[in-house]
Amino acid sequence: MKKVAPIEERKADHIKINLEKDVKSGLDSGLERYRFRHEALPELNLAQINTTLSLFQRAISAPILISSMTGGTSHAGAINRRLAEAAQECKIAMGVGSQRAALEHPNQAASFKIRALAPDIPLFANLGAVQLNYGYGPDECRRAIDMIQADALYLHLNALQEAVQAGGDTNFAGLAKKIEKICVQLEIPVIIKEVGWGISAKTAKILAECGVRAIDVAGAGGTSWSQVEMHRASDKFNRSLAASFIGWGIPSAESIQQVRQGAPNMTIFASGGLKDGLDIAKSIALGATLGGMAGPFLKAAAISTENVIETIHLTTRQIQIAMFATGTGMLKDLTGEKLVKVG
């Protein structure tokens with residue numbers, strides 16, 4: 001039987017690989033196939049462009065999410081603290097990485113405890129949905145929520161990652177009913193998040209019927225976790241297995257539209273290969289409420305809080321100018337009519 005690395009070792013590997021290796025999907029996000037229709041006479045004052053919105057009863061300054069990345073190691077704790085400080089300074093939303101490590105090893109909980117640094121922002125706890133088939137239930141979900149005083153809980157879906165990972169948790173049978181029970185029993189909203197291969201219309205419909213309040217599509221086009229697992233694999237068989245899925249998934253632009261089709265009233269978070277504020281603006285025009293990025297913020301947080309703040313400011317300004325140059329004063333008016341499909 002293959003030796004399975006402890007959770008803490010896996011988390012450290014994940015950070016190192018994401019920072020040092022090429023783990024990009026073989027697919028593009030699909031957002032490059034759209035461009036905005038430029039309006040030479042926008043009839044707007046740039047200074048009055050409004051990017052604010054309310055998310056789970058908290059006000060944020062821009063439709064930007066620091067996507068779930070990490071936790072469970074001392075290095076991850078430093079990264080999370082920098083991300084939280086920047087998110088609070090700029091008033092944007094943030095999700096933490098999977099908290100399973102901290103539930104199973106409470107000494108690692110400190111790497112996730114960032115609420116004191118970010119008292120005012122929407123903050124999302126995170127557990128793997130598949131763990132509901134491995135003994136987890138409402139109590140474990142509440143422990144993760146209480147750990148960071150979260151406003152909502154991410155249950156992430158990572159079937160392909162588990163399938164190509166030595167010793168992965170691959171029993172995804174009957175999860176919908178268990179997700180539904182969690183949605184009913186928890187006091188805060190449940191968000192379902194893919195990790196890089198997108199959500200289809202069929203899955204979105206099932207999740208809506210379960211009572212899920214938001215879906216983070218995390219489509220193909222950014223980090224491919226099968227590529228991450230390829231770099232982690234200790235033998236040729238598992239490296240070859242993981243490498244073969246580099247072109248797998250639903251591109252993010254397509255997944256946003258699929259979710260809108262399958263669950264018309266669902267709140268959608270766009271992520272998966274979003275590079276900047278222009279990609280976030282395109283995602284909103286396609287039907288998302290906000291856009292999440294991981295890689296750009298991880299690289300910035302590896303340096304300093306100030307670098308993260310600078311990245312957020314640049315991203316926000318890109319969104320503002322995209323709205324200005326399309327004659328869009330408010331986020332609710334940033335719709336598909338502003339886009340032209342070019343590919």
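We did not get these values from a lab; they are worked out from the coordinates using the rules stated. Since the structure is predicted, the reported quantities are computational estimates derived from the model, not experimental observations. Glycine gets a Cβ as well: all are built from the backbone with ideal geometry, and neighbour counts include every protein chain shown.
Looking at LYS193, is it under 22 Å from the mean Cα position of the chain (by Cα), of a type in the set (Lys, Arg) and within 17 Å of GLY128 (Cβ to Cβ)? Please lay out each step first, then the result.
Numbers: under 22 Å from the mean Cα position of the chain (by Cα): yes; of a type in the set (Lys, Arg): yes; within 17 Å of GLY128 (Cβ to Cβ): yes.
Yes: the conditions hold for LYS193.
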Can you tell me which residues in region 184-217 are touching a strand residue (DSSP E or B) at 6+ places or on another chain (Cβ under 9 Å) and of a type in the set (Gly, Ala, Ser)?
GLY196, GLY198, ALA204, ALA208, GLY211, ALA214
Mind checking which pairs have a first residue in region 42-58 that is closer than 16 Å to THR335 by Cα and a second that is aromatic (Phe, Trp, Tyr), Cβ under 8 Å, 6 or more apart or different chains?
PRO42/PHE324; ILE49/PHE324
Consider ARG143 against the criteria (1) in a helix (DSSP H, G or I); (2) charged (D, E, K, R); (3) within 23 Å of GLY295 (Cα to Cα): it satisfies all of them except one. Which criterion is unmet?
(3)
List every residue pair whose Cβ atoms sit under 6 Å apart, with the two residues 6 or more apart in sequence or on different chains, where the first one lies in region 267-284 and is within 14 Å of GLY221 (Cα to Cα) and touching a residue at least 24 places away in the same chain (Cβ under 8 Å) and the second, anywhere, is crowded, with 24+ Cβ neighbours inside 10 Å and of a type in the set (Asp, Glu).
SER271/ASP216
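Would you check if VAL228 is buried (at least 16 other Cβ atoms within 10 Å of the Cβ) and either acidic (Asp, Glu) or touching a strand residue (DSSP E or B) at 6+ places or on another chain (Cβ under 7 Å) (or both)? Write out each step before concluding.
Details: buried (at least 16 other Cβ atoms within 10 Å of the Cβ): yes; either acidic (Asp, Glu) or touching a strand residue (DSSP E or B) at 6+ places or on another chain (Cβ under 7 Å) (or both): no.
Criteria not met by VAL228.
Taking strands (runs of 3 or more DSSP E) that fall entirely within region 62-128, which contain at least 1 residues that are crowded, with 23+ Cβ neighbours inside 10 Å, touching a Cys at 6+ places or on another chain (Cβ under 6 Å) and of a type outside the set (Gly, Ala, Ser)?
Once the strands (runs of 3 or more DSSP E) in region 62-128 are filtered for at least 1 residues that are crowded, with 23+ Cβ neighbours inside 10 Å, touching a Cys at 6+ places or on another chain (Cβ under 6 Å) and of a type outside the set (Gly, Ala, Ser), nothing remains.
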In this structure, is ALA220 in contact with a helix residue (DSSP H, G or I) (Cβ under 8 Å, 6 or more places away or on another chain), closer than 29 Å to ASP146 by Cβ, among the small types (Gly, Ala, Ser) and buried (at least 18 other Cβ atoms within 10 Å of the Cβ)?
no
